[in-house]
Amino acid sequence: MSDATPLVTFHRLIGSARLPERADRSACGLIPARAARYCDALTQASAFGHYLFPPMELSLLWDGEQIFWTYAGTDRWLPLEAAQFPGFSTLFDAAAPAAMQGCAPPFLSALPEPGTLQLWTGLFARTAPGWSLLLRPLANVPAPAGLSLFEGVVETDRWFGPLFTNLRLTRINAPVRLRADWPLLQAQLIPQDVLADATQNCVASTGDLGSFTAREWEDYRVSIVEPNTRPNRPLGATAVANRRRRRADAAAHG
């Protein structure tokens, strides 16, 4: 698809929010150097999608019953029910049609389940027809201590609204800090066809080694057996070959 017709367009409504960034193969520099160089499976997963960031630095606290939050510019913990991003509702009303004034999306909302809340990234998104966004924790990057993220698939070709993520606080009476310069979640483009029952149910399983055909045995020989007969083979040969193949495919398709 050409640059004129992107598969996803991110709309930033909160000006201080960091724009999405392409996820990188090193998983923010946190995977071991050996894995980054030689493990193609891991680096491919790490680079799949775009990093999304909190639109401001903030801290969250759960006392086992109530969630509180605070941020630079306030000197106290604020009880959380639903909160607007500071100053955003005024900006929203100044830009929105009259019928939509007063309808700014909340920045943070406490959810009914204990210790859970919803956070808005400051972004909206629209995808090309037939494409959705999978919003999930960062691939191969540990979540902030005391926090876990839910995953969700949003049909952003049909539904146009704020990109939220749902969070669960997992420790009591201990602040959890979210940094504006550190990604919180990963947005991954997926074709909606892969989610259809017809696709997900198109699965086969086999019972034992007797199910291997000559093809499976040959593929196993090429992938595992033959390389191990060459103790002096170059490290990461499979990763190198995969990267070369992808570059060649990209060049062939312009």
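The values are calculated or read from the model by the stated rules, or taken from the named source; none is laboratory data. All figures in this text were calculated on a predicted structure; none of them were measured in a lab. Positions of Cβ are generated from backbone atoms using ideal geometry, with glycine treated the same way; all protein chains shown enter the neighbour counts. Side chains included, ligands, DNA and RNA excluded: accessible areas come from the protein's heavy atoms. Shrake-Rupley method; radii C 1.70, N 1.55, O 1.52, S 1.80 Å.
What pairs come out if I take residues in the stretch 121-134 that are within 8 Å of V8 (Cα to Cα) and pair them with residues that are open to solvent by less than 10 Å² (accessible area, probe 1.4 Å) and in a strand (DSSP E or B) whose C-beta lies under 7 Å away, six or more apart or interchain? Pairs that qualify, where the first residue is within 8 Å of V8 (Cα to Cα) and the partner is open to solvent by less than 10 Å² (accessible area, probe 1.4 Å) and in a strand (DSSP E or B), are A125/L133; A125/L163; T127/L133. Just to be sure before I move on: is S132 more than 22 Å from R179 (Cα to Cα) and hydroxyl-bearing (S, T, Y) in the structure I sent? The answer is yes for S132. The single condition among (1) touching a Ser or Thr at 6+ places or on another chain (Cβ under 6 Å); (2) within 19 Å of S148 (Cβ to Cβ) that R25 does not satisfy is (2).
Counting only residues that are among the β-branched types (V, I, T), at pLDDT 90 or above and loosely packed, with under 10 Cβ neighbours inside 10 Å, give me the helices (runs of 4 or more DSSP H) lying completely in the stretch 162-254 with at least 1 of them.
Details: elements: 197-200, 214-220, 237-252.
Those helices (runs of 4 or more DSSP H) do not exist here; none qualify.
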